[in-house]
Amino acid sequence: MTFDRSVKIAPSILAADFADFGREIEAVEAQGADWIHVDVMDGHFVPNLTFGPPLVKAIRKHIKTVMDVHLMISPVDPYIDAFADAGADVLTAHVEAGPHIHRTLQAIRGAGMKAGLALNPGTSVEVAAPLLDLCDLVCVMTVNPGFGGQSFIMSQLTQIKQLREMIGDRPIHIEIDGGVDPVTAPLVRAVGADVLVAGSAVFKGGSVADPAPYGENICAIRAAAG
Ligand code: DX5
Ligand code: ZN
């Protein structure tokens, strides 16, 4: 992974066919996805359950781009090695998930992955200030995590702008997760985001058998982001 601030579209497989992840991933990559966003939920930190390290490891061989794993779990630290073994390129943990996020970010890098820090909408981006030198990515949630298909929280635009100023020249990606579509993509791009996660807005209207809509949806988000 080389660092740049170009727009990267990261389809979230939360909106894919859960019984066919391998072919869904291959379809969205063939249709122009830059990264693949993988949402891990534990039914405790967020009110929903998805899957764990064995599934993440199983889909790794279908991903040619970047496997971007978003942990919505608490605790995080006991599972870091398992996600490294599963082949995560980026491993993102929530600041709200435990009392020792500094240690968690160190451990993620120590296990050979890029370290991501995720912030819920109810958390001020100022908490990231003492952690930025341990981060390769900061994920600003623009919905409350747990489910796809929710409405984008507009007030997060001010926070993203503030984060972009805090980051300055440091090689840290700003990722936006939740409610990203052709309407909201230009808004987050304008305030400094580069990785745009999109679930429903990418997968709507298409399927493994008919993947062209995935490509049209990705192009529409990318074109809108500029
Ligand atoms: C939400 C997840 C998101 C979700 C986004 O908790 O972290 O990655 O899949 O879905 P959309 O793009 O539909 O808001
Ligand atoms: Zn996510």
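A short reminder: the numbers here are calculations on the coordinates, not readings from a lab. In this text, all values refer to a predicted model and were calculated from it rather than measured experimentally. Ideal geometry is used to build each Cβ from the backbone, glycine not excepted, and the neighbour counts take in all protein chains shown.
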**OP:** Please specify each residue of the stretch 168-188 satisfying the condition of being in a helix (DSSP H, G or I) and surrounded by fewer than 18 Cβ atoms within 10 Å (Cβ to Cβ).
**Re:** Pro186
Subject >> Among the residues listed as Ala33, Ala16, Ala107, Ala10, the single one being hydrophobic (A, V, I, L, M, F, W, C), on the phi < 0 side of the Ramachandran plot and more than 16 Å from the chain's Cα centre (by Cα) >> reply: Ala107
Original post:
Among the residues of the stretch 61-83, which ones are part of a helix (DSSP H, G or I), surrounded by fewer than 18 Cβ atoms within 10 Å (Cβ to Cβ) and in contact with a helix residue (DSSP H, G or I) (Cβ under 7 Å, 6 or more places away or on another chain)?
Top reply: Asp77, Ala82
Subject >> Count of residues meeting criterion [of a type in the set (Val, Ile, Thr), under 12 Å from Gln31 (Cβ atoms) and more than 16 Å from ligand 1 (Cβ to nearest atom)] in the stretch 185-213 >> reply: 1
Original post:
Does the stretch 140-152 include one or more residues that are away from ligand 1 (no atom under 16 Å from the Cβ) and surrounded by 21 or more Cβ atoms within 10 Å (Cβ to Cβ)?
Top reply: no
Original post:
When only residues in the stretch 172-184 that are closer than 30 Å to Leu134 by Cα and not acidic (Asp, Glu) count, which is farthest from ligand 1 (Cβ to nearest atom)?
Top reply: Ile172
